[in-house]
1. With the structure loaded, tell me whether Arg140 is assigned by TED's automatic domain parsing to the domain that holds Glu101 and closer than 26 Å to Ala105 by Cβ or whether it fails that test.
2. Based on what the data block shows, is Ala215 closer than 29 Å to Asp91 by Cβ, aliphatic (A, V, I, L, M), part of a helix (DSSP H, G or I) and not assigned by TED's automatic domain parsing to the domain that holds Cys14?
3. If Tyr154 satisfies every condition in (1) out of contact with any helix residue (DSSP H, G or I) (no Cβ under 6 Å at 6 or more places or on another chain); (2) of a type in the set (Ser, Thr, Tyr); (3) assigned to a strand (DSSP E or B) but one, which is the exception?
4. Given the conditions (1) on the phi < 0 side of the Ramachandran plot; (2) without any contact (Cβ under 8 Å) to a residue 12 or more places away in the chain, and given that Gly151 satisfies all but one, which numbered condition is not satisfied?
5. Conditions: (1) part of a helix (DSSP H, G or I); (2) of a type outside the set (A, V, I, L, M); (3) under 28 Å from Gly151 (Cβ atoms). Pro182 meets all but one. Number of the miss?
6. Residues that are within 28 Å of Asp17 (Cα to Cα), crowded, with 19+ Cβ neighbours inside 10 Å and in contact with a Lys or Arg (Cβ under 7 Å, 6 or more places away or on another chain): does the stretch 177-185 have at least one?
7. Which of the numbered conditions does Gly84 fail, given that it passes all the others? Conditions: (1) in a helix (DSSP H, G or I); (2) in contact (Cβ under 8 Å) with a residue 24 or more places away in the chain; (3) touching a strand residue (DSSP E or B) at 6+ places or on another chain (Cβ under 7 Å); (4) over 15 Å from Leu119 (Cα atoms).
8. Out of the stretch 91-116, which residues are in a loop (DSSP other than H, G, I, E, B) and either in contact with an Asp or Glu (Cβ under 9 Å, 6 or more places away or on another chain) or under 18 Å from Glu144 (Cα atoms) (or both)?
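The values are calculated or read from the model by the stated rules, or taken from the named source; none is laboratory data. Remember, predicted model here, so these are calculated numbers, not experimental data. Cβ sites come from the backbone with ideal geometry, for glycine too, and all protein chains shown count toward neighbours.
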Amino acid sequence: MSDRELRLQPRLQCIADCVPRGARLADVGTDHGYLPAALLQQGRIARAIASDVNIAPLARAKSTAAEYGVAERMDFRLCVGLDGVAQNEADTVVIAGMGGETIAAILRAAAWDWRGKTLLLQPMTKAELLRRWLTAHGFRIASERLVRDKGTIYAVIEAAAGEGAPLSSAEAWCGVGLQRDPLYGEYARDRAKKLERASLGLRQAKELNSEQIKALEADAAELRQKIKEWEDANGT
């Protein structure tokens, strides 16, 4: 065991805080392997699988594990998504630092029985697409958290197998149950601006997609109304 303590950046620390104690963890797209190494070092988990699609990041993860004295409790898999991980090897799966479409594709490709599993997902982009995909494909969003890292606010989504209520447009874009999060107002306003910019961009394009524009503008209007209700309730 190394005497050096591995400290995580805020985005990864937020995910780490959500990992159940004693979990058998699979970290998909592990890159440097910081998350599983830190959790092992803290004694939060007993073992971890670090997987990545490329050799170089997996080599970095091995180096991290050796540096912080946890290499003997960490397995390394070179594979696409969860292709190299058996479902009985992990009860908690982290997929972070990717686009929402990529995360959904990884889950779609994994022929797992997800009952009893915890999913911790941190999309860098298209979180709204991921939320909608989850609730349409046998998952429910149990909770969400927001975290600011290097000036950007990210959502960490905890999901599990089970029927979830259909999401409103505001929930798809701004998350489920986040109204009490200190970063919610800023996050919601930023998402509304992105929606409005997207619809404006389509209007300015040479080939207009009127149905897509209408859908974006309807989502933006619903989101603005929810933000106003939240501001009125919170005196902001």
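1. Yes.
2. Answer is no for this residue.
3. Going through (1) out of contact with any helix residue (DSSP H, G or I) (no Cβ under 6 Å at 6 or more places or on another chain); (2) of a type in the set (Ser, Thr, Tyr); (3) assigned to a strand (DSSP E or B) one by one, Tyr154 breaks only (1).
4. (1)
5. Going through the list (1) part of a helix (DSSP H, G or I); (2) of a type outside the set (A, V, I, L, M); (3) under 28 Å from Gly151 (Cβ atoms), Pro182 breaks only (1).
6. no
7. (1)
8. Passing the criteria: Ala110, Gly116.
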